[in-house]
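So the structure is just underneath, and the comments pick up after that.
The values are calculated or read from the model by the stated rules, or taken from the named source; none is laboratory data. Just so it is clear, the structure is predicted and the values come from calculations on it, not from any experiment. Cβ placement follows ideal geometry from the backbone for every residue including glycine, while neighbour counts extend to all protein chains displayed. Areas reflect the complete protein model, heavy atoms only, side chains present, ligands, DNA and RNA absent. Shrake-Rupley method; radii C 1.70, N 1.55, O 1.52, S 1.80 Å.
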Amino acid sequence: MDLPDHAAADVSSAPSAAPSDWPLHGLADDMRPALADALARGPAALATIIDLGDGGPRPVGTQMVFGVDSRAGFLSGGCIEADVEAHARACIADGRPRRLVYGEGSPWPDIRLLCGARIEILVERITPDDPAARDLLVLAQARLPAVWITDGERRVCAPAADEVAVWPEAFSRRFDPPPRLVVFGGDPTALAVAGLGAQSGFQTTLVRPKGPLAPPPLPGVAYRRDDVASAVAAVGLDAWTAVAICGHDEVVDHQALLAALPSAAPYVGLLGARRRLGERLDRLRAAGVAERDLAKLRAPIGLDLGGKAPFEVAVAVIGEIMATRHGQPALARRS
């Protein structure tokens, strides 16, 4: 009988991994926080995919930020990041922007992309006093969409509602406000949804009226224990905020629905039995909620993945929110 090789399988006693061993810096997609952090310590380099041919793992507009002893984001899944960083460090040193091409037409044929794509990247030096970077971060803080236009030497950032001309050789991309998630509830399912939301890049707030004084031990999750109206007013439900109502309190659930459904929030999901949905909708109609707002409600909450455990529900909920944001047909599969 062959026994398992414990030396190979058991890593509990192995040395701790160095930060460079695993690309945790690539888990974030929105580079604005990383840019703000890097600029607080000095000049930084911003690398942006400005053109793409024949596919590629990351879309046009994807970015990386390189600061003093820091890096964030990823561009290709490991094929080119080390080379891009070398050019970025040189860009920080001499201030000259670079346009890098990998794949077809690249001056570095030894750097191969397994996906077969052609990727063009603009690398530019950003200083702490850069007006465009300042405007980008201010607009993000104000939760206003922004347009970023640059050719590597000259750059501007303005509210997306403004008419800003794009000059020849410049690249333009839009920045929406960071996505937010508001979760109502306090049971394991609500905690799982909030925790996974934070891990998925949402600015997440858990609302549990009259809940415990101490916040839940969930990294990246803010906590409010005030009433629904106060919590909603403080957080704000804009067009980049999703609401997941995962409580088991009919009063709180109803108040949350009354606040969320008429708001600009594009996603409102309700946890609960399908057989109770009709009476809940009738109660909302009686309270004056319009049919167009009721049509936004996703109930039962989440994509129909078949699971009922807390993290299975959380995956279904976060998946449904992402499908809503990207307009994916997965939303139409549920009856």
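Residue by residue, here is whether (1) more than 23 Å from the chain's Cα centre (by Cα); (2) modelled with pLDDT of 95 or more; (3) within 30 Å of R134 (Cβ to Cβ); (4) not hydroxyl-bearing (S, T, Y) holds:
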{"residue": "D176", "(1), (2), (3), (4)": "no, yes, yes, yes"}
{"residue": "A190", "(1), (2), (3), (4)": "no, yes, no, yes"}
{"residue": "T204", "(1), (2), (3), (4)": "no, yes, yes, no"}
{"residue": "P217", "(1), (2), (3), (4)": "no, yes, no, yes"}
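Filter the range 292-326 for residues that are farther than 28 Å from A198 by Cβ and assigned to a helix (DSSP H, G or I); which is least open to solvent (accessible area, probe 1.4 Å)?
Result: L294.
Report yes if V243 is more than 18 Å from V317 (Cβ to Cβ), among the aliphatic types (A, V, I, L, M) and in contact (Cβ under 8 Å) with a residue 40 or more places away in the chain, otherwise no.
Numbers: more than 18 Å from V317 (Cβ to Cβ): no; among the aliphatic types (A, V, I, L, M): yes; in contact (Cβ under 8 Å) with a residue 40 or more places away in the chain: yes.
In short, no.
Being over 13 Å from I126 (Cβ atoms) and open to solvent by 20 Å² or more (accessible area, probe 1.4 Å): is that true of G73 here?
Working: over 13 Å from I126 (Cβ atoms): yes; open to solvent by 20 Å² or more (accessible area, probe 1.4 Å): no.
Taking the combined requirement at face value, the residue does not satisfy it.
Kindly indicate whether any position in the range 273-291 is surrounded by 16 or more Cβ atoms within 10 Å (Cβ to Cβ) and within 21 Å of the chain's Cα centre (by Cα). Can you show your working first?
Step one: of the range 273-291, the residues surrounded by 16 or more Cβ atoms within 10 Å (Cβ to Cβ) are 280-281, 284, 289.
The next check asks that each one be within 21 Å of the chain's Cα centre (by Cα); those that pass are none.
No, every residue in the range 273-291 fails to be surrounded by 16 or more Cβ atoms within 10 Å (Cβ to Cβ) and within 21 Å of the chain's Cα centre (by Cα).
Could you tell me whether A132 is free of Cβ contacts under 8 Å to residues at least 60 places away in the same chain, within 30 Å of T241 (Cβ to Cβ) and touching a Lys or Arg at 6+ places or on another chain (Cβ under 6 Å)? Don't jump to the end; show me each part of the working.
On the way: free of Cβ contacts under 8 Å to residues at least 60 places away in the same chain: yes; within 30 Å of T241 (Cβ to Cβ): yes; touching a Lys or Arg at 6+ places or on another chain (Cβ under 6 Å): yes.
So A132 fits the description; yes.
Are any residues in the range 81-97 open to solvent by 40 Å² or more (accessible area, probe 1.4 Å) and not in a helix (DSSP H, G or I), and if so, which ones?
R96
Would you pick out the residues in the range 49-80 that are in a strand (DSSP E or B), in contact with an Asp or Glu (Cβ under 8 Å, 6 or more places away or on another chain) and not aliphatic (A, V, I, L, M)?
Result: D51, G53, F66, G67, S70, R71.
Name the single residue that is nearest to S200 (Cα to Cα) among those in the range 210-243 being of a type in the set (K, R) and out of contact with any Pro (no Cβ under 7 Å at 6 or more places or on another chain). Break it down stepwise before answering.
First pass over the range 210-243, keeping only residues of a type in the set (K, R): 210, 224-225.
Cutting the leftovers down to out of contact with any Pro (no Cβ under 7 Å at 6 or more places or on another chain) gives us 210, 224.
Numbers: K210: 27, R224: 20 Å.
Looking at the filtered set, the residue picked out is R224.
If you check A299 against the conditions, is it aliphatic (A, V, I, L, M), out of contact with any His (no Cβ under 8 Å at 6 or more places or on another chain) and modelled with pLDDT of 95 or more?
Values: aliphatic (A, V, I, L, M): yes; out of contact with any His (no Cβ under 8 Å at 6 or more places or on another chain): yes; modelled with pLDDT of 95 or more: no.
In short, no.
Restricting attention to the range 33-59, which residues are open to solvent by 30 Å² or more (accessible area, probe 1.4 Å) and modelled with pLDDT under 95?
As a first pass, look at the range 33-59 and keep what is open to solvent by 30 Å² or more (accessible area, probe 1.4 Å): 33, 36-37, 40-41, 43, 51-52, 54-59.
Listed by number, the residues that qualify are D51, L52, D54, G55, G56, P57, R58, P59.
Condition first: part of a helix (DSSP H, G or I), buried (at least 17 other Cβ atoms within 10 Å of the Cβ) and of a type in the set (D, E, K, R). Now tell me which residues in the range 120-175 satisfy that.
Scanning the range 120-175 gives a single hit, D135.
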